[in-house]
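Input: a single structure, listed below in structure tokens.
FYI, it's all coordinate maths here, none of it is from the lab. Everything quoted here is computed from the prediction, not taken from an experiment. In this analysis, Cβ positions are derived from the backbone assuming ideal geometry, glycine residues included, and neighbour counts consider all displayed protein chains.
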Amino acid sequence: MAPKSHTLGPGSLKLGETASQRETAQQLVKFSLEPSSDFEDDVPVLSGETVAGDASTDWALKGTANQDYDLDSFELWCYQQRLQDVPFLFTPSNDLAVSWSGVCTIVPLTVGGDVKKKNTSDFEFRVIGEPTPVDIDGTPLVLT
């Protein structure tokens, strides 16, 4: 297999239920779906063997958004949806076949920063459970 590398974008990040999804890609200058794995220590037992420690993976949607102070801003939407679990659909590239869907918890974003500057807000939304690889329409992919 030949090496590949793709560019992030143009793509999309849709938050909320299908009928009322909010597209946020136009505000994002950085975005990722990030895993974080945790491995507990192995446990030695009397027989001399070892019981493997538990392993788990948590996921988060992380990004940086340009700040906008209008009534339809991403910051105000996050404030209004704070601590609510909402569906997401992340498409890294509209030209490729794989998107990711799941449910995340919305948290408020920073508002403000340096005076006379175009400020950004870093954010992290916890993903509930595991994200699912899907096609661009949200249909789960059959992985082989």
How many nm separate the modelled label positions at Lys118 and Thr132, each set 7 Å beyond the Cα in the direction of the Cβ? 3.8
For the pair Leu76/Ser32, report the inter-label distance in nm, with labels modelled 7 Å from Cα in the Cβ direction. 3.2
Could you work out the mean projected area of the convex hull around the alpha carbons of region 1-136, in square nanometres to one decimal? 13.0
Do you know the Lys pair count in the chain for C-alpha distances under 26 Å, with sequence separation 8 or more or different chains? 12
Of Leu13, Leu76, Leu109, how do they rank once you tally other Cβ atoms within 10 Å and put the fewest first? Leu76, Leu109, Leu13
Would you mind ranking Lys118, Lys14, Lys30 by Cβ crowding within 10 Å, fewest neighbours first? Lys118, Lys30, Lys14
Here the longest stretch of the chain that holds no GluC sites (Glu not before Pro) in a DSSP loop having at most 15 other beta carbon atoms within 10 Å is 50-144
